[in-house]
Amino acid sequence: MTTRLRFRVEAAASDSRARACRFRTLHGEIETPLFMPVGTQATVKGLTVEDLEGAGSHVLLANAYHLLLRPGLEVFRRFGGIHRFMNWRRSVLTDSGGYQVFSLPNDRVITEDGAVFRSYVDGARVVLSPERSIEAQLAIGSDLMMAMDVCVPSTSDHETAEAAMHRTHRWAARSLAARGEAPQALFGIVQGACFEDLRRESAEHLARLPFDGFAIGGLAVGEGREDRERFTAFAAALLPRDLPRYLMGVGTPLDLLEAVERGVDMFDCTIPSVLARQGVAFTSTGRLNLYRGVYKLADEPVDAACACPTCAAYSRAYVHHLVKTSEALGWQLLAKHNVRFYHDLMRRMRAHIVADTFAAWRDAQRFVLARADEDNPPVPTPRRRRGRNEGDLERFGVHEAPAGHASILHRASGELMHGGIDPAVEAHALYVAQSRLADRIAERAATPLVVWDVGLGAAHNAMAALRVVESAPPAVGRPLHLVSFEHDVASLRLALRHALRFPHLHHPAPNHVLRFGEWRAEDASMVWTLLEGDFRERLGAAPAPDVIFWDPFSAKTDGPMWTLECFERVFAECAEHDTELFTYSAATVVRSAMLGAGFVVGRGAPTGRRPETTLAMTPVAARRAEVRGRTLLGPEWLAQWRRSDARFPLDVPEAARAALARRIEGAAQFHAPDGAARVSQASEADPARPSQD
């Protein structure tokens, strides 16, 4: 078959479907198996183009969805394409944006014409159709373009998967028509979730169209490893032999090895740079987590068998130091190494395929690539923590509800943690579900999602977040950094002592956090940090949050946590960020403190005996209030506030109340029928509250 790529198979393993191929793009010749580092925003996080060339990168993946929104197509037209814009002389593949549409299920509407969503840059309404996607990719000037597809979870039912597949086929034809005679290659994407009949139909339909290559889409979005490998093999076997096969968004080095054996040629994934940010290095002897204390005095290189600049010049001890101190250089050095490791792995695969020794080498590599610090102690040396007094536990008690669930009781005030409802149910509904945590961690981003868990208590909210991470597809999306604040961890210690009554704690993480102050998932999908002490003193030690679970005891028991001064400190930490805060309280005085601090305030979902809760947003987050389905407080609440006897937080003196009242009265959300739109306009001009009235 004649295509724009002049693709040819040069060798095939005699005992598997692994193959070594070659093709030519507008910017050079490419050998497979091929790994493509992800440069979503026209950059691979932390690496220069010189770093990438030195590591052996020949194709980078960029994303048409993100580049369409920023910097915009006019920039690429002015520069003549992405290559000159980012000073990259080799090839570029652009994703169509289909996955990004899938990853924001509450922020878009899909019709036959395309997807309609709100821009995360300025809140503008954007329509992404197959024609618009191809227009964007042509303007970007990528060598390899992707047809726009409809991505649904791989665990979808047959009816949903079939409807998405048929629409993908119609969009594929429109993408080809939009490409026309342009010289760039265009790939079709096989869909069909985990159904053999749909995968077969999709592959056979698309193979009849004049694409230059084919991608296997809709995997690594919900299914387990066994299903992913099975359907990778099934789909690859159905695709034409004389065109490249690309498995999208996968994966770990072991994932790549298994997929090459099944006949796949091309891969992309953010894992090399994402895990580098977590201190993880892939090496010739297995995966290392350089955050661990066992490397504090390690004088050897990260990988003695690697010739990358990191391994040539730096010790494990130094990289460990950089990782522990959160220095950017640490993850940049590891990212250089990890990208080089991936490319070296591809080269070794190719050499063994050409020599027809792939099978024996594959069997040995399966063991090596699955190893993770096996020759080192399983946990770092415990940190010295201040002594514990058994009397501390007496401040709390265990309360058994008639419905059968247990809660922690604060004896002095009589206040229950998550009173009136099963704490695990409330934690999920009020904090995890309402914040759309699962959707947020599914987004492809190199930076961790930071969640502040203010008021750790018995760790119901923290464990609800952990369970979401553990139920997410492996190696997809962004890692979670959960920062729990608590001035008295005796409540959690008591709950752990009665763990049979608190099944949410049946996990090693809570004990580890109490003992060491931090717990890290082995796959680097989550870091959980405990900051013990006065929240107002410790908040500056945490990274700026994307989400805040605000769950201290009530103002009756823990008054300082509900003051104007406290919320002003929180706002100062996140004013420039897209941050949302969720709390159980709907008290007028709490909402007035949040408004006075600079937050945009809305009505939260009901929970338990509470008909309404509260959510607060920074002005940046408020630009997306409408697409996130948030309901802002309106003039009717302001009228209620004016009539209230509890209008002002207790820390606001009489002399300052008039100024606070003017600030609340003047809030943009109260002065337009569409409060969210008014807030969005106001925040464009000034995303932070003025410091003076």
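The values are calculated or read from the model by the stated rules, or taken from the named source; none is laboratory data. The shown structure was predicted, so the numbers you read here are calculated from the model rather than taken from an experiment. All Cβ positions, glycine included, derive from the backbone under ideal geometry; neighbour counts span all protein chains shown.
Please go through (1) small (G, A, S); (2) crowded, with 20+ Cβ neighbours inside 10 Å; (3) under 21 Å from M346 (Cβ atoms) for G218 and return the number of the only condition it doesn't satisfy. All conditions pass for G218, except number (3).
Yes/no per residue for (1) modelled with pLDDT of 95 or more; (2) more than 22 Å from T252 (Cα to Cα); (3) touching a helix residue (DSSP H, G or I) at 6+ places or on another chain (Cβ under 9 Å):
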| position | (1), (2), (3) |
| --- | --- |
| L275 | no, no, yes |
| L290 | no, no, yes |
| A335 | yes, no, yes |
| H352 | yes, no, yes |
| A364 | no, no, no |
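When the criteria are applied in full, G477 meets the requirement of being in a loop (DSSP other than H, G, I, E, B), modelled with pLDDT under 90 and not aliphatic (A, V, I, L, M). Scanning the stretch 274-292 for any residue that is surrounded by fewer than 24 Cβ atoms within 10 Å (Cβ to Cβ), in a helix (DSSP H, G or I) and touching a residue at least 24 places away in the same chain (Cβ under 8 Å) turns up nothing. Please work out if L247 is under 27 Å from D15 (Cβ atoms), surrounded by fewer than 23 Cβ atoms within 10 Å (Cβ to Cβ) and not assigned by TED's automatic domain parsing to the domain that holds A524. No.
Taking the criterion of being assigned to a helix (DSSP H, G or I), of a type in the set (A, V, I, L, M) and more than 20 Å from V260 (Cβ to Cβ), the residues of the stretch 200-228 that qualify are L206, A207.
When D534 is tested against the conditions (1) crowded, with 20+ Cβ neighbours inside 10 Å; (2) modelled with pLDDT of 90 or more, the lone failure is (1). Within the stretch 93-109, residues that are in the same structural domain as S142 (by TED's automatic domain parsing) and of a type in the set (S, T, Y) have Cβ atoms under 6 Å from residues that are at pLDDT 70 or above and assigned to a helix (DSSP H, G or I) in these pairs: T94/A64; T94/Q137; T94/I140; S96/A64; S96/S133; S103/A442, counting only partners at least 6 apart in sequence or on another chain.
Taken over the stretch 375-413, the criterion of being among the β-branched types (V, I, T) and either out of contact with any Pro (no Cβ under 9 Å at 6 or more places or on another chain) or at pLDDT below 50 (or both) is satisfied by V379, T381, V398.
Within the stretch 109-141, being in contact with a Leu (Cβ under 6 Å, 6 or more places away or on another chain) and of a type in the set (S, T, Y) holds for one residue alone: S119. Among the residues that make up the stretch 609-620, is at least one of them part of a helix (DSSP H, G or I) and either surrounded by 15 or more Cβ atoms within 10 Å (Cβ to Cβ) or modelled with pLDDT under 95 (or both)? Yes, there is a match, as at least one residue in the stretch 609-620 is part of a helix (DSSP H, G or I) and either surrounded by 15 or more Cβ atoms within 10 Å (Cβ to Cβ) or modelled with pLDDT under 95 (or both). Taken together, the criteria place S585 among residues that are touching a residue at least 12 places away in the same chain (Cβ under 8 Å), among the hydroxyl-bearing types (S, T, Y), in the same structural domain as A433 (by TED's automatic domain parsing) and part of a loop (DSSP other than H, G, I, E, B). Among the residues making up the stretch 498-536, a single one is touching a residue at least 40 places away in the same chain (Cβ under 8 Å), of a type in the set (S, T, N, Q) and not in a loop (DSSP other than H, G, I, E, B): T529.
Mind listing whichever residues of the stretch 24-63 are among the polar types (S, T, N, Q) and either touching a residue at least 12 places away in the same chain (Cβ under 8 Å) or at positive phi (or both)? Passing the criteria: T25, T32, T40, Q41, T43, S57, N63. The residue of the stretch 308-329 that is nearest to the chain's Cα centre (by Cα), among those that are of a type in the set (G, A, S) and over 21 Å from V49 (Cβ atoms), is S326.
Selection of the stretch 168-218 for residues being among the aliphatic types (A, V, I, L, M), touching a Leu at 6+ places or on another chain (Cβ under 7 Å) and under 20 Å from P473 (Cβ atoms) yields V190, I216.
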